[in-house]
1. In region 125-146, which residue that is touching a helix residue (DSSP H, G or I) at 6+ places or on another chain (Cβ under 6 Å) and in a helix (DSSP H, G or I) is least open to solvent (accessible area, probe 1.4 Å)?
2. In the set LEU122, LEU115, which member is surrounded by 15 or more Cβ atoms within 10 Å (Cβ to Cβ) and either of a type outside the set (Val, Ile, Thr) or not in a strand (DSSP E or B) (or both)?
3. When you look at ALA39, is it within 11 Å of ASP17 (Cβ to Cβ), of a type in the set (A, V, I, L, M, F, W, C), at pLDDT 95 or above and surrounded by 18 or more Cβ atoms within 10 Å (Cβ to Cβ), yes or no?
4. Looking at region 6-23, I want the residues that are within 9 Å of SER102 (Cα to Cα) and have a partner that is part of a loop (DSSP other than H, G, I, E, B) and at pLDDT 95 or above with Cβ atoms under 7 Å, at least 6 apart or on another chain. Which pairs are those?
5. Test each condition in (1) closer than 17 Å to PHE129 by Cα; (2) in a helix (DSSP H, G or I); (3) open to solvent by 40 Å² or more (accessible area, probe 1.4 Å); (4) not aromatic (Phe, Trp, Tyr) for PRO4 and report the one that comes out false.
6. Any chance you could count how many residues in region 43-60 are surrounded by 13 or more Cβ atoms within 10 Å (Cβ to Cβ) and over 21 Å from GLY87 (Cβ atoms)?
7. Being over 22 Å from GLU20 (Cβ atoms) and of a type in the set (Gly, Ala, Ser) is the filter; apply it to region 66-104 and report the residue that is nearest to the chain's Cα centre (by Cα).
Amino acid sequence: MAVPRIVRDSTALLVVDIQERFIPVIHDGKAVVENSVVAIRAARELGLPVLTTEQYPKGLGVTVPEVVAVLGDAYEPHEKTAFSACGAEPVCAELRHSAAKSVVIVGIEAHVCVLQTTLDLLEQGYDVFPVANAISSRDPDNRTLGLE
């Protein structure tokens with residue numbers, strides 16, 4: 001069996017729920033934001049599609065300013081109320097219409113939204129690459145469980 005690799009021409013970056021009201025309560029929230037910014041900069045430099053979700057922004061706020069700034073014109077958040085980003089049909093539609101076979105994922109919370117998104121993407125046939133230092137949860141144990 002071939003081991004999946006990240007290939008520039010067939011990879012997208014998915015930024016999951018890095019929102020104002022979440023970050024203050026997330027374990028290493030500042031590092032998650034900083035490392036997500038690095039991943040976004042790299043994706044933008046490489047010309048990868050970058051998709052962003054926001055979980056119920058009316059209640060949880062919008063994406064943090066640092067991430068919005070680096071996204072620039074790619075900041076077009078998809079609102080969702082399901083845990084999985086795949087619960088927001090525009091996310092799935094954008095991935096289907098891109099050349100993406102692989103999805104690099106950053107965001108919060110590891111054991112809920114990131115995990116559910118990863119499982120759905122895997123079921124749909126994508127290779128998924130979580131960026132561990134750009135993913136966390138409120139509780140470090142939940143982060144560990146989500147990444148495992």
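1. Result: GLY146.
2. Values: LEU122 fails: surrounded by 15 or more Cβ atoms within 10 Å (Cβ to Cβ).
Matching residue, one of LEU122, LEU115: LEU115.
3. Numbers: within 11 Å of ASP17 (Cβ to Cβ): no; of a type in the set (A, V, I, L, M, F, W, C): yes; at pLDDT 95 or above: yes; surrounded by 18 or more Cβ atoms within 10 Å (Cβ to Cβ): yes.
Spelling it out, it is not the case that ALA39 is within 11 Å of ASP17 (Cβ to Cβ), of a type in the set (A, V, I, L, M, F, W, C), at pLDDT 95 or above and surrounded by 18 or more Cβ atoms within 10 Å (Cβ to Cβ).
4. Note: pairs meeting the criteria are SER10/ALA100; SER10/LYS101; THR11/LEU48; THR11/ALA100; ALA12/LEU48; ALA12/PRO49; ALA12/ALA100; LEU13/LEU48.
5. Every condition holds for PRO4 apart from (2).
6. Within region 43-60, residues that are surrounded by 13 or more Cβ atoms within 10 Å (Cβ to Cβ) and over 21 Å from GLY87 (Cβ atoms) number 3.
7. Filtering region 66-104 for residues that are over 22 Å from GLU20 (Cβ atoms) and of a type in the set (Gly, Ala, Ser), the one nearest to the chain's Cα centre (by Cα) comes out as SER102.
Matching residues to (1) without any contact (Cβ under 8 Å) to a residue 60 or more places away in the chain; (2) touching a Lys or Arg at 6+ places or on another chain (Cβ under 7 Å); (3) of a type in the set (Ser, Thr, Tyr); (4) farther than 13 Å from LEU14 by Cα:
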{"residue": "PHE83", "(1), (2), (3), (4)": "yes, no, no, yes"}
{"residue": "ALA88", "(1), (2), (3), (4)": "yes, yes, no, no"}
{"residue": "ARG96", "(1), (2), (3), (4)": "yes, no, no, yes"}
{"residue": "ALA110", "(1), (2), (3), (4)": "yes, yes, no, yes"}
{"residue": "THR118", "(1), (2), (3), (4)": "yes, no, yes, no"}
{"residue": "LEU122", "(1), (2), (3), (4)": "yes, no, no, yes"}
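The values are calculated or read from the model by the stated rules, or taken from the named source; none is laboratory data. Keep in mind that what you see is a predicted model, and the values were worked out from it rather than measured. Cβ: placed from backbone, ideal geometry, glycine included. Neighbour counts: every protein chain shown. Surface areas here come from the heavy atoms of the whole protein model, side chains and all, with no ligands, DNA or RNA. Shrake-Rupley method; radii C 1.70, N 1.55, O 1.52, S 1.80 Å.
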